Amino acid sequence: MINIHIAPYRPEWQPYFEKFNKAWIEKHFVLEALDNYVLTHPEEAILKDGDEILFALHNQTVIGAVALKKIDNATMELTKMAVDEAFHGLGAGTILCKSALEKAKELEEKKLVLYTQSALKPALSIYKKFGFQQIPIEQGIYKRVDTKMELNIK
């Protein structure tokens, strides 16, 4: 069995959050100004309002992260989920998604939404596995986004 556990944000782990997300964005797309701000200042961009960043650890090594960002009084956005490429295939993305869903339930949210790109087949597979459904997308804040998904959790 793979030894992966989830831990809450620690300031000393911010460089991992930044590194993992920048790596996948730059591999497939172009890093945008908003990405850079969120990844370099997660305490201000995500955590200051009581939102969450969760980390996946494998044998005490940080290998992935995911954030939950409050949108309104019933909805959170699942965002900035990334796993270190050296650890792909261990199931960390699935564990991160499941943990984010459990955290949203714990926080008594009614709905999770996410924005992604249809070319990211492994990510879409994870989201669909947990019951996310594709819904119409509004004009986005990221140029790379072409897919919006939603999961009702209440």
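What follows is calculated from the coordinates using simple rules that are stated; it is not laboratory data. All values derive from a computational prediction rather than experimental measurement. Positions of Cβ are generated from backbone atoms using ideal geometry, with glycine treated the same way; all protein chains shown enter the neighbour counts.
Using the Cβ-Cβ distance between LYS19 and ASN73 with R0 = 35 Å, the FRET efficiency computed as 1/(1 + (r/R0)^6) comes to roughly 0.60. Normalised by the number of residues in segment 4-109, the average gap of Cα pairs under 8 Å and 6 or more apart makes the relative contact order 27 percent. Using a simple spin-label model with pseudo-atoms 7 Å out from Cα toward Cβ, HIS5 and ALA86 lie 2.2 nm apart. Footprinting exposure proxy ranking of LYS103, LYS111, LYS128, fewest other C-beta atoms within 10 angstrom first, gives LYS128, LYS111, LYS103.
Using a Förster distance of 41 Å, how high is the FRET efficiency between GLN139 and GLN60, based on the Cβ-Cβ distance and rounded to 0.05? It comes to 0.45.
For the residue pairs LYS80/LYS129; LYS48/LYS69; LYS70/LYS121, the C-alpha atoms sit more than 20 angstrom apart in LYS70/LYS121.
When the inverse distances between all different Cα atoms of segment 4-109 are averaged and flipped, the Kirkwood radius reads 13.8 angstrom. Listing ARG144, ARG10 from fewest to most neighbouring C-beta atoms within 10 Å gives ARG10, ARG144. Within the listed set LYS19, LYS121, LYS129, the Gaussian network model of the chain (springs between alpha-carbon atoms below 10 Å) gives the highest mean-square fluctuation for LYS121.
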